[in-house]
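Rule-based calculations on the coordinates, nothing more; no lab input. Quantities reported herein were computed from a predicted structural model and do not represent experimental measurements. Ideal geometry is used to build each Cβ from the backbone, glycine not excepted, and the neighbour counts take in all protein chains shown.
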Amino acid sequence: MWHLPAATEADDVVGVGADLEPGTLLAAYRNGLFPMPVSDGANELLVWWSPDPRGVLPLDGLRVSRSLRRSMARFEVRVDTAFDEVVAACADPARAGGWIDDGIVAAYTELHRLGWAHSVESWTPDGRLAGGLYGVCIGGLFAGESMFHRETDASKVALVALVERLRAGGATLLDVQWATPHLASLGVVEISRAEYLARLDLAIHLPNAWARPHFAG
């Protein structure tokens, strides 16, 4: 989930270079951009993306199947208790389409330390991390970066918990970057870049959605 599709339109790329300092990253998200390194064969480039169309998950549109509801009873959901482990699992080089390099790991770890990046985790009853996701929250925006699972439905359970938390906190925008068939099956839709930027401008000026709700984790 949230990997670079094989056939990405060239105009989804809006910049190359710069750095991954916290101020740069936060300014990028506030302007609808996110970083994703790509290789040109000889070098790895830091590329900034603004997809058109953009994949978003309406917070009232998540599709929860009966089997997923059953899976929700199998895991304990925690928040921000294993951010490093979640990012490391998402960055596993054995994963198909992996793009998270050491620079990305370091950058988002620092954003987490500063209170901007967060993880939602699914744990087994015997205390194993079974799946999870991480992303960046600014006001009423949550920008999902990546997710992983080691057991069936564990990442989806984390997504359900994320949506519940965002709804409770007054968030209005859950960005998933690109819509894939898998994400579409969960309720993700595509909107134009112009519409995304209009929604983004409203969302980032809302109170911090992550800090508002009481959430057992």
Given 65-74, 191-200, 160-169, the highest-first ranking by average Cβ count within 10 Å works out to 160-169, 191-200, 65-74
Any chance you could give the angle, 0 to 90 degrees and rounded to 10, that helix 154-169 forms with the longest Cα principal axis of the chain?
80 degrees
Pairs of alpha-carbon atoms within less than 8 angstrom and 6+ residues apart define the contacts here; what relative contact order does segment 64-217 have, in percent?
24 percent
Under unit Cβ charges (Lys, Arg +1; Asp, Glu -1), what dipole magnitude, rounded to 20 debye, does segment 52-203 have relative to its Cα centre?
640 debye
For a footprinting-style exposure proxy, rank 149, 118 by other Cβ within 10 Å, fewest first.
149, 118
Tally Lys and Arg at +1 and Asp and Glu at -1 over the other residues with C-beta under 12 Å from the C-beta of residue 151: what net charge comes out?
+2
Based solely on its DSSP helices, what 222 nm [θ] is calculated for the chain when runs of n ≥ 4 H residues each add -39,500 (n - 2.57) and the sum is averaged over all residues, nearest 500 deg cm²/dmol?
-9000 deg cm²/dmol
If you wrap a convex hull around the C-alpha atoms of the chain and split its volume per residue, what is the figure in Å³?
116 Å³
Work through the residues other than residue 120 whose Cβ is under 13 Å from its Cβ and net out their charges, Lys, Arg +1 and Asp, Glu -1.
-3
